[in-house]
Structures are given as C-alpha cells and as structure tokens.
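The values are calculated or read from the model by the stated rules, or taken from the named source; none is laboratory data. Since this is a predicted model, take the numbers as computed values, not measurements. So basically every Cβ, Gly included, is an ideal-geometry build from the backbone, and we count neighbours across all protein chains shown.
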Ligand SMILES: Cc1cc2nc3c(=O)[nH]c(=O)nc-3n(C[C@H](O)[C@H](O)[C@H](O)COP(=O)(O)O)c2cc1C
C-alpha cells in the first residue's frame, strides 16, 4: 500500500521532534556555575592537596576549540598532572590534534597564573612519560606568597575573558597597550605577529571562505560540529542547541557562515598570528600558553579577541596562509589566527563541565 506524502511529512516531523527532545533530556550537566568561583573560597585552612585542587577551578575556565575542554587532572600534595582526554578531541577539524594541545596550553596557563596568585612557584615538565600525560606542574609555596606589589591583572582577567564574536570597531589600540600584551605573553620559542595590513586581511578573509567551502561540503565535519553544537557548549543551549545541530548537519549553512565570517574579518582592525619553528605537540602547548596570556592581557586592557581556526584546518589553506604572511613577520609554522580589537561585550559566558568530571583520583 502506498504511503501518502502527508504521512511521510508528519512522521518525519515527529521523528525530528523526538530527536530534539531526546537530545535535550540527555543533555550533559555543563553549566555556568564554574564562573561563580571566588578568590575568598580558597581553602586556606585545608590540606595542601585541597589547596592545589582549588587552583583547577581557574584552569577549567580556559578557552578550548569547540569548548571541547579536552583535559583531565590528577592532584597530589605537591604537583598537578595534566592529561589529554583524547575522547574529546576533534577527529575531523583537528586531525593532528594541534588545537587539542593549544587548548590544553590555555588551561595550563590559567593554572599557572592562578598558582602564582595564590602564592605558589611552579615548574612545568612537558610530556614527562606516561601516555596522554601532557604536563606535570610542580607547585611549591613561595617564600613571600602574598607580595602586595604582585601584578594581579592576568589573574583578574581569567573570570572576565571570553571569545567575542561580535563585529570589532575600527579604532586603533595604542602602541603601548599592544606592547603590554606582547611583553606579558612573550616566550622565546613562540612568535606573535599583529597586523593591520589590508592585503593580509583580504587574503585571510579569502582563505577562511575557501576553508569554509571545503569543510561545509564534508559530511563528517558537519556531523562533528553538529555534535558539539548540540551539546549546548558553544552558545545556544537546550532546544536551540539541538536546532543548531540539525541545521548544521542537514542544511547547507556553509555559504551563510562564509558571508558572516567575511564581514567579521573585513571589519576587524587587527589580525593576530602565532607561530613556532616546529610543528610538534610541545610547540602547540606553548602556543596555547602564549595565546591565553596574550588574551588575558588583552582582556585586562578592555580589548577583545576571537580565534579563527578554519584556515588552519584544511591542508591547502594552511599552506597558503603561511605564504600570505611576510617573511619578516617570522611566521614559520602558523599555529593559531585570531581577530583583535574593541567591541561590544560578547554576551553570556560559555558553559563548563563540573570540576569533579575532570578530576582523576
Ligand atoms: C585552539 C582554539 C581554537 C579556536 N577556534 C575557534 C574558531 O575557529 N572559531 C570560533 O568562533 N571560536 C574558536 N575558539 C574559541 C572557542 O570556541 C571558545 O574558547 C570556547 O567556545 C569557550 O568559550 P569562551 O572562550 O568564551 O570561554 C577557539 C579556541 C581555541 C582555544
């Protein structure tokens, strides 16, 4: 017996509504609670281990690609082990795990900034052995833990930092402020290039549009992006998140995204690029640390930042991006690109997983 078109449409609508409802009901417990952390909550009278665990409240506020939060931590009396949670890596958009390590570097930097603030000296060993162990941070109480003249700007910016995807104003950032951002984040192994060059802006815009074209015609990319959107960790939550997932997976949203990205880049006064000599995981971790320090310094100065990774996520556009940047910029292996400038506040913070979920005992 033939089934009428109306029946097919009605059944499809019910199926889609069912998927949306199931998705909402099965939503993981990510929330905004993590942003309520207060300095006065520091457990000054508790064990050393509890004090170190407290610092992780700041580590988890770090940015990460697709807000994937691909980290796990193990705390002991004198150190914190930082592990990669590879199950949360982006297999399609970030096949070589560059962004996973940059994200982990951001969390590592927040941890170290917080440790310094609460009176600990830290030393970091990268990849000290065990599989997936990305860093061991040894923390010792400083001789003069609460030096009143210490610089609290970066620490205070941890709670204020966010990705700002609004259009940026054309107004210039003072040379002194740009210099402060660079000097507060300087690392001998990592280069930052900030430019206002219009030819580079146009070239970068074209590469982002080209990368979007490649990615949005790949069903696996759309399905991965849809998965993270649907978790409600990248802006819209609940039903809206599920609708965003369905739109990315089933509709052709690539051209619209490219139009939006092109407008954003075109209106942005500054673009930033971070590079290293090598393209290995330690370099990406260090890039993450520098990116986060630069971002915290920018936040402290009222300047917004928006990472844009598309052009680095497809082989062709990545190669062209390196060619686009002038030799004197020192950009060898470009690892991260971002927009920089003044803008209206970016809106609500993005959600975070509860701390218990990322602690390994
Ligand atoms: C390595 C890395 C790459 C990122 N790439 C992009 C990107 O291409 N586009 C974008 O809009 N946001 C990007 N972000 C920002 C994340 O989506 C953002 O950090 C995350 O959703 C958490 O939100 P928050 O930064 O406001 O706390 C990136 C962040 C990191 C650390």
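Miscellaneous remarks
- Single residue of the stretch 1-38 satisfying the filter (under 22 Å from the mean Cα position of the chain (by Cα) and not in a helix (DSSP H, G or I)) that is modelled with the highest pLDDT: 37
- The single condition among (1) at pLDDT 95 or above; (2) under 30 Å from residue 82 (Cβ atoms); (3) in a helix (DSSP H, G or I) that residue 275 does not meet is (3).
- When the stretch 55-70 is filtered for residues that are more than 8 Å from the ligand (Cβ to nearest atom) and closer than 17 Å to residue 116 by Cβ, the ones remaining, listed by number, are 55, 56, 57, 58, 59.
- Checking residue 339 against (1) in contact (Cβ under 8 Å) with a residue 24 or more places away in the chain; (2) closer than 28 Å to residue 171 by Cα; (3) part of a helix (DSSP H, G or I), the condition it does not meet: (3)
Yes/no per residue for (1) crowded, with 21+ Cβ neighbours inside 10 Å; (2) at negative phi; (3) not in a helix (DSSP H, G or I):
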| site | (1), (2), (3) |
| --- | --- |
| 40 | no, yes, no |
| 43 | no, yes, yes |
| 46 | no, yes, yes |
| 49 | no, yes, no |
| 52 | yes, yes, no |
| 58 | yes, yes, no |
| 62 | yes, yes, yes |
| 74 | no, yes, yes |
| 77 | no, yes, yes |
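- Every pair of residues 6+ apart whose Cβ atoms lie under 7 Å, when the first sits in the stretch 213-239 and is more than 18 Å from residue 348 (Cβ to Cβ) while the second is within 12 Å of the ligand (Cβ to nearest atom) and assigned to a loop (DSSP other than H, G, I, E, B): 215/313; 221/93; 224/90; 224/93
- Filtered by the rule that a residue be more than 12 Å from the ligand (Cβ to nearest atom) and either surrounded by fewer than 23 Cβ atoms within 10 Å (Cβ to Cβ) or outside the structural domain of residue 135 (by TED's automatic domain parsing) (or both), the stretch 85-111 gives 85, 86, 87, 88, 91, 92, 95, 96.
- Yes/no for residue 301 being in contact with a helix residue (DSSP H, G or I) (Cβ under 8 Å, 6 or more places away or on another chain) and within 23 Å of residue 58 (Cβ to Cβ): yes
- Checking each residue in the stretch 325-352 for being out of contact with any strand residue (DSSP E or B) (no Cβ under 8 Å at 6 or more places or on another chain) and buried (at least 20 other Cβ atoms within 10 Å of the Cβ) picks out only 350.
- Among the candidates 39, 49, 78, residue that is over 20 Å from residue 137 (Cα atoms) and away from the ligand (no atom under 16 Å from the Cβ): 39
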